[in-house]
1. Just checking, which of LEU113, LEU122 is at pLDDT below 95 and either open to solvent by 70 Å² or more (accessible area, probe 1.4 Å) or β-branched (Val, Ile, Thr) (or both)?
2. From the list ARG96, ARG130, which one is of a type in the set (Lys, Arg) and surrounded by 10 or more Cβ atoms within 10 Å (Cβ to Cβ)?
3. Filter the range 61-83 down to the residues that are crowded, with 17+ Cβ neighbours inside 10 Å and hydroxyl-bearing (Ser, Thr, Tyr), then identify the one that is farthest from TRP38 (Cα to Cα).
Amino acid sequence: MAGRRRPPRARAPRQGGPTGGRGESRLGLARLEGFLAWEAEVAAAERDARAFAEQFPWLPAAERESLEQAYTADRLRYAEEVVDRAVERCRRLAARYRAECRRICGRWAVLCLSVTLAAALLAVVPAALRG
């Protein structure tokens, strides 16, 4: 059927990751999973389009096929928009979580530095008072 469209945009791979070959194989598996999920969506859209067009038996075959193609294209356009919104939401959440992690790590660094300085002062002050 002519309703097939490209799968939603894939995320660009990170360059120079520490996992080496594992990262590439994970990316390959994720792309394969995405491809299979998209093909399943295309098949479901085509199946549903056929079922929808069968409700109009009085239409000539060419018009029914045109209706199927329009239904499939519309559904895949919607599915693509849903995936794109989900990807964008994931990116926003990832950025938010990275910022939160940096904030928490900064607080821990300040706490550790404070405890270290306090311990150093407690070790030096009694020695200075004795002398």
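1. Selected residue: LEU122, the only one of LEU113, LEU122 that is at pLDDT below 95 and either open to solvent by 70 Å² or more (accessible area, probe 1.4 Å) or β-branched (Val, Ile, Thr) (or both).
2. ARG96
3. Checking each candidate, the answer is TYR71.
The values are calculated or read from the model by the stated rules, or taken from the named source; none is laboratory data. Predicted, not measured: the structure shown is a model, and the values here were computed from it. Because the Cβ atoms are built from the backbone with ideal geometry, glycine has one as well, and the counts that use them run over all protein chains shown. Protein only, heavy atoms only, side chains kept; ligands, DNA and RNA dropped before computing areas. Shrake-Rupley method; radii C 1.70, N 1.55, O 1.52, S 1.80 Å.
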